[in-house]
Amino acid sequence: MTTIYNKDYYAVIMAGGVGSRFWPLSTSKFPKQFQDMLGTKDSLLQKTFMRLSKIVPFENILILTNEEYVGLVQEQLPDLDKVNIIAEPAMRNTAPCILLAAMKIKKTNPNAVMIVAPSDHFINDETAFCADISLAFEAASEQDILVTLGIKPTFPNTGYGYIKYEKEDDKDLQKVENFTEKPTLRNAKKYLEEGNYVWNAGIFIWKASYIAESFKTYLPEMFNLFNDGEEDLNTSKEEEFIKGTYPDAKNISIDYAILEKSDSVFVIPATFSWSDLGTWGSLHEELAKDENNNGVVNAKLMPQDASGNMIYTKNSKVVIVDGLKDYIVVENDDILMIVPKEKEQDIKEIRNKVMEKFDKNLG
């Protein structure tokens, strides 16, 4: 079947994070979105780009990233025009980068509808993903609404934010009632029982003009900050304008800035499975396992009385483990880390200690 691309569809891929919970593989110099986390020969950024290019015209995909990573983006997406890469001179969460991208897109095409997606998520069923995104594009094209995709919970996860919606049977698009923070285990179990809660995946679809108007309503100081340089956007003066202006933007997420304030937010409960690949444990869950539940990437494992381990090496090393259960074993060119999976939340602290004791470049 031939895909017919809509010239009004745009995509914004956010690729500026550090991914420190995937240290030592992910470092500030080479973060996880540029790594082959799944052993497929493609980085997470490349997989995200390929996924979105099935729906959005190639030339309508923008990459938002830290200015330090522009070279990595160009290396991994060599056919993408450099003007489609927006360099952020400071880390300011998701609201500023989304507004900046929306204003650029709106200036290019006043009728544009855009999807905003992180660069580092795992989505296996791309056919279902494309179907859900197409539905969201159609809905956002027809109405002035803010659409988000929610993931149907499969267990009471306490590490994700949740979205509660006003459940109406036989409707794909549901009105959002409220956003909730990461819950306690008790509340997470309650959400699953009630059946009208989904995980917040951080994937959004809306008209570029409508999200800009929403900023004007709910966060006017940020809107004015970027709108003052609107004439510079998409010109040779843009880079200078962004460097001089972006660091002054408020450090705030799109959820806090807009979505939790607007009464025009709708959610589509997704039909595909999803993971934000936030930790080594979450990567282990997505991998095919051996008969002893060991997950392996870029390694040749010889286990002996070893089970439940997450093994990641460079250059497909042979790894022999004996008597090891539920551990994370990861190496890069300079570091070998072996820690219990139950302590994966301590990896950021371990990273900081290594940088302090040995070399800050190791982080």
Notebook entry, point to check: Does N224 satisfy the condition of being under 30 Å from F155 (Cβ atoms), polar (S, T, N, Q), free of Cβ contacts under 8 Å to residues at least 40 places away in the same chain and in a helix (DSSP H, G or I)?
Noted result: no
Item checked: One residue from D132, D144, D228 being surrounded by 19 or more Cβ atoms within 10 Å (Cβ to Cβ) and within 24 Å of A102 (Cβ to Cβ) -> D132
Check: Can you tell which of G16, G39 is touching a residue at least 12 places away in the same chain (Cβ under 8 Å), part of a loop (DSSP other than H, G, I, E, B) and either within 27 Å of D255 (Cα to Cα) or open to solvent by less than 10 Å² (accessible area, probe 1.4 Å) (or both)?
Finding: G16
Check: E59: open to solvent by 20 Å² or more (accessible area, probe 1.4 Å), under 22 Å from E239 (Cβ atoms), touching a residue at least 24 places away in the same chain (Cβ under 8 Å) and acidic (D, E), yes or no?
Finding: yes
Checklist line | Residue list for segment 62-82, restricted to those being touching a residue at least 40 places away in the same chain (Cβ under 8 Å) and more than 19 Å from S28 (Cβ to Cβ) | finding: L62
Item checked: Matching residues, segment 330-352, being of a type in the set (A, V, I, L, M, F, W, C) and either part of a helix (DSSP H, G or I) or more than 17 Å from Y312 (Cα to Cα) (or both) -> I347, I350
Note to self: Residues that are modelled with pLDDT of 95 or more, under 29 Å from the mean Cα position of the chain (by Cα) and open to solvent by less than 40 Å² (accessible area, probe 1.4 Å): does segment 338-345 have at least one?
What the structure shows: yes
Margin query: Looking at segment 8-26 only, could you name the residues that are at pLDDT 95 or above and over 17 Å from G281 (Cβ atoms)?
Written below: D8, Y9, Y10, A11, V12, I13, M14, A15
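Inspect all residues belonging to segment 286-306 and state whether any of them is surrounded by 13 or more Cβ atoms within 10 Å (Cβ to Cβ), in contact with a helix residue (DSSP H, G or I) (Cβ under 8 Å, 6 or more places away or on another chain) and not in a strand (DSSP E or B).
no
The values are calculated or read from the model by the stated rules, or taken from the named source; none is laboratory data. Worth saying up front: this structure is predicted, and the values here are computed from it rather than measured. Every residue, glycine as well, gets a Cβ built from its backbone with ideal geometry; the counts of neighbours run over all protein chains shown. Only protein heavy atoms, including side chains, enter the accessible area calculation; ligands, DNA and RNA are left aside. Shrake-Rupley method; radii C 1.70, N 1.55, O 1.52, S 1.80 Å.
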